[in-house]
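Peer 1: Pasting a structure here, questions to come.
The values are calculated or read from the model by the stated rules, or taken from the named source; none is laboratory data. In this text the structure is predicted, and so the values were computed from the model without any measurement. Please note: Cβ atoms are built from the backbone with ideal geometry, for glycine as well, and neighbour counts cover all protein chains shown. For accessibility, only protein heavy atoms count, side chains too; no ligands or nucleic acids. Shrake-Rupley method; radii C 1.70, N 1.55, O 1.52, S 1.80 Å.
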Amino acid sequence: MAVQLFFNGLVTGLLIALPALALTLIFGVLKFANFAVGSMVTLGAYAAWVANVRLGLPLSASAAIAAVTVAAAGVASDQLVFERLRERGSISLLVASMGVSLIIENVCRFAFGNASRGFDVAPSRPIRWQGIRINQEQITTAAVVLVCLVLVDALLRFSPLGRAMRAVADNASLAAVRGVERRTVARLTWALVGALLGVAGVLSGLDRAIDPLIGWNYQIPIFAAAILGGLGSPLGAIAGALVIGVAEEMSALVIPTNYRQVVSFAVILALLLFRANGLFGAKAARR
Amino acid sequence: MTGGDIQALSVRSLRSGYGRGGDIIRGVDLDQAPETILAVIGPNGSGKSSFVKTLAGLLDVRSGHVMVTGRDVTAETPAKRVAAGLAYVPQEANVFPSLTIGENLKLATEFLRGRAGVGPEQRQRVLELFPEIAARLRTRAGDLSGGQRQMLAFASALLANPEVLLLDEPSAGLSPKIVGQTMEAIVRVREAGVTVLLVEQNVAAALRIADEAVVLVAGQISLRARAAEVGASDLAELFFAKVA
Ligand SMILES: Nc1ncnc2c1ncn2[C@@H]1O[C@H](COP(=O)(O)OP(=O)(O)O)[C@@H](O)[C@H]1O
Ligand SMILES: [Mg+2]
């Protein structure tokens with residue numbers, strides 16, 4: 001039982017890792033907490049649902065469409081909202097992202113109603129391995145997330161865009177006088193982050209019913225994971241997501257499952273009280 | 001400064017400031033001939049750093065103009081100004097601490113593809129000036145000593161093959177020996193054809209290598225003279241101005 005919960009927790013953690021990474025990248029590069037992560041996950045789920053169910057495309061193609069759709073939404077929100085507030089400070093940007101969150105959620109509600117939807121995928125039988133039950137969706141989730149993480153890691157470490165993102169995160173005005181256009185880096189960061197959130201939307205649609213609040217269900221765990229990892233640290237966000245995922249699932253051993261969200265709340269509260277830089281993040285505080 | 005020559009740097013009636021605060025730079029006019037070193041000295045808080053920040057595009061111009069080799073860059077972003085030949089080394093936080101030396105150097109050129117003279121040969125020439133840096137490309141810039149960090153910042157700016165180089169207190173916090181080396185490096189850079197605007201607290205060191213000096217007091221230029229002619233009496237005046 002405990003082993004099964006631990007395993008489920010790891011997969012849940014991987015699912016949270018993409019949006020937590022998205023949150024921490026925006027925080028690092030643009031210096032604000034993007035409240036719209038959850039709603040962008042929702043948008044990704046619906047975009048994939050339209051492609052998969054309405055247009056009859058396979059789920060992989062639908063995921064690509066979701067990634068592109070949310071990337072476009074991220075770039076548009078930067079162009080229309082966040083760029084105009086860039087010099088106003090992180091509180092203004094946070095509040096603006098709450099507005100963006102409401103808009104995206106309600107556009108989804110208006111377009112698709114409140115009914116629960118699901119992807120058109122053939123049901124498959126779970127595998128048993130070492131006494132653990134592993135279903136197909138979990139394997140898909142783990143594989144997709146791991147591929148995404150490797151790609152993002154390579155991009156951050158080796159590509160000019162990754163270097164520029166890290167440089168802007170370190171010192172935005174120095175990056176500007178080294179020839180890096182902040183606006184371009186901001187837009188590309190939003191595109192990357194949007195793609196991650198879009199993919200996360202598809203994976204969450206595999207995990208649970210698609211409704212206008214699907215992404216919102218992950219909002220607290222996403223924030224808990226990113227804060228736990230030290231906001232701004234990509235590796236920290238991933239580690240934080242795994243810890244949160246496992247903690248939430250394992251909490252079923254001691255508290256009723258409906259209360260599992262309490263775990264993330266408790267983590268955020270404890271971190272705010274005792275370790276504002278997160279468990280892994282002495283670094284983020286230096287900025 | 002023969003008439004009709006294009007100035008390397010030209011500043012006209014420049015005013016700038018922070019946020020909604022009052023003007024810090026209050027009407028500066030300045031011309032600098034190509035391939036000269038101009039020292040900008042003045043008391044603490046007189047606006048020297050704010051002045052070079054404004055030139056680099058980090059502080060919004062409220063009125064006036066900035067021209068680099070005859071081209072008006074007043075409306076350009078900081079990044080475009082680098083591409084136009086204006087490089088800048090800030091007073092502090094002038095390297096990316098979480099990037100390696102190699103990444104710092106790479107970043108200094110990879111977004112300047114359009115600029116003439118930026119490339120492997122320039123990189124070779126610059127790295128020869130700073131062998132200490134060149135030997136440690138995999139070290140995180142955050143782990144460098146003050147002097148090495150200053151060298152890296154200097155090298156990063158030079159990689160852009162600038163016409164005009166703005167240096168904000170390159171000697172701050174360095175040992176006398178390293179200050180000497182830094183000043184030598186500046187002279188060599190000028191000999192390679194770069195125009196240098198040098199903000200310095202270390203007035204003696206700056207005047208030794210500068211062609212001319214301007215004194216900035218309360219955001220305005222209060223004095224301009226050939227470096228050799230700025231003597232002790234003028235320095236007294238400078239500190240008198242600080243009290244006033
Ligand atoms: N980031 C800032 N925000 C607001 N005011 C500033 C800022 N930086 C400097 N100032 C103000 O601008 C004035 C000039 O400062 P500065 O340009 O740093 O002078 P200097 O480099 O000559 O010591 C000072 O009064 C200082 O308080
Ligand atoms: Mg200064």
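Peer 1: From other protein chains only, count the Cβ atoms within 10 Å of every residue's Cβ in A:164-173, then give the mean. Walk me through the numbers on the way to the answer.
Peer 2: On the way: counts 3, 0, 5, 8, 1, 2, 9, 8, 1, 9.
The per-residue average across the peptide is 5.
Peer 1: Projected onto the charge dipole of the protein assembly as shown (+1 at Lys/Arg Cβ, -1 at Asp/Glu Cβ, origin at the Cα centre), which of A:Val121, B:Ala155, A:Val95 gives the Cα projection farthest towards the positive end?
Peer 2: A:Val121
Peer 1: If one takes the accessible area of chain B alone plus chain A alone and subtracts that of the pair, with a 1.4 Å probe, what total in Å², rounded to the nearest 100, results? Walk me through the numbers on the way to the answer.
Peer 2: On the way: alone 11710 and 13800 Å², together 23560 Å².
Summed over both sides, the interface buries about 2000 Å².
Peer 1: If contacts are Cα pairs under 8 angstrom and at least 6 residues apart, what is the relative contact order of region B:1-160 in percent? Can you show the working numbers first?
Peer 2: Values: 236 pairs, mean separation 33.6, N = 160.
For region B:1-160, the relative contact order is 21 percent.
Peer 1: Right, here's the next one. Give me the dipole magnitude in Debye, nearest 20, for chain A about the Cα centre, with unit charges on the beta carbon: positive for Lys and Arg, negative for Asp and Glu. All intermediate terms of the calculation are to be shown ahead of the outcome.
Peer 2: Working: 23 positive and 13 negative charges, 119 e Å.
Rounded to the nearest 20 debye, it is 580 debye.
Peer 1: Something else: Which order do peptides A:194-206, A:129-141, A:161-173, B:63-75 fall in by mean Cβ count within 10 Å, highest first?
Peer 2: On the way: A:194-206: 28.5, A:129-141: 14.8, A:161-173: 21.2, B:63-75: 16.4.
So the peptides A:194-206, A:129-141, A:161-173, B:63-75, ranked by packing, come out A:194-206, A:161-173, B:63-75, A:129-141.
Peer 1: Normalise the Cα radius of gyration of chain B by 2.2 N^0.38 Å (N = residues in it) and let me know the number.
Peer 2: Normalised Rg, Cα atoms only: 0.98.
Peer 1: Ok, one more. With unit charges on the beta carbon (Lys/Arg positive, Asp/Glu negative), name the residue among A:Ala111, A:Thr189, A:Phe158 whose Cα is farthest towards the positive pole of the charge dipole of region A:101-198.
Peer 2: Working it through, the farthest residue towards the positive pole turns out to be A:Phe158.
Peer 1: Sticking with this structure for a sec: Probe radius 1.4 Å, ligands and nucleic acids ignored: give me the carbon and sulfur share of the accessible area of the protein assembly as shown as a rounded percent.
Peer 2: Values: 14060 of 23560 Å².
After summing per-atom areas, the C and S share lands at 60 percent.
Peer 1: Across peptide B:99-107, what mean number of C-beta atoms from other chains lies inside 10 Å of a residue's C-beta? Write out the running numbers ahead of the final one.
Peer 2: Details: counts 5, 0, 0, 0, 6, 5, 0, 2, 10.
Other-chain Cβ atoms within 10 Å of each residue's Cβ, averaged: 3.
Peer 1: Next up: Determine, for each peptide in B:195-202, A:262-269, the mean count of other beta carbons within 10 angstrom over its residues, then list the peptides with the highest first. Don't jump to the answer; show the numbers that get you there.
Peer 2: Numbers: B:195-202: 22.9, A:262-269: 17.6.
Peptide ranking by packing, descending: B:195-202, A:262-269.
Peer 1: Here's something else I'd like to know. I want the antiparallel fraction of DSSP beta bridges within chain B, as a percent rounded to 5. Numbers along the way, then the final one.
Peer 2: Values: 22 of 39 bridges.
Here the share of antiparallel DSSP bridges comes out near 55 percent.
Peer 1: Moving on. Could you work out the local net charge near B:Leu14, counting Lys and Arg as +1, Asp and Glu as -1, over the other residues with Cβ closer than 11 Å to its Cβ?
Peer 2: On the way: positive: B:Arg12, B:Arg15, B:Arg26, B:Arg62; negative: B:Asp23, B:Asp29.
Here the count lands on +2.
Peer 1: Quickly estimate the mean residue ellipticity at 222 nm for chain A, helices only: each DSSP H run with n ≥ 4 gives -39500 (n - 2.57), and the total goes over all residues, rounded to 500.
Peer 2: Details: 12 runs with 199 residues, N = 287.
About -23000 deg cm²/dmol.
Peer 1: Peptides A:225-236, B:42-53, B:166-177: what's the order by average Cβ count within 10 Å, highest mean first?
Peer 2: On the way: A:225-236: 26.8, B:42-53: 20.8, B:166-177: 18.4.
The densest-packed peptide leads the list: A:225-236, B:42-53, B:166-177.
Peer 1: Report, as an integer, the average count of C-beta atoms from other chains found within 10 Å of each Cβ along B:118-129. Before the final figure, lay out each step's value.
Peer 2: Values: counts 1, 0, 0, 0, 0, 0, 0, 0, 0, 0, 0, 0.
Average neighbour count from other chains, rounded to a whole number: 0.
Peer 1: Taking Cα atoms, how many degrees apart are the long axis of helix B:232-243 and the longest axis of chain B, rounded to 10 and kept between 0 and 90?
Peer 2: In chain B, helix B:232-243 runs at an angle near 80 degrees to the longest axis.
Peer 1: Further question on the same structure: Considering only DSSP beta bridges where both residues belong to the protein assembly as shown, give the percentage that are antiparallel (nearest 5).
Peer 2: 60
Peer 1: Which whole-Hz ³J(HN,Hα) couplings does region A:258-266 yield from phi under the Karplus relation 6.51 cos²θ - 1.76 cosθ + 1.60, θ = phi - 60°, glycine and proline marked x?
Peer 2: 5, 9, 5, 4, 4, 4, 5, 4, 4
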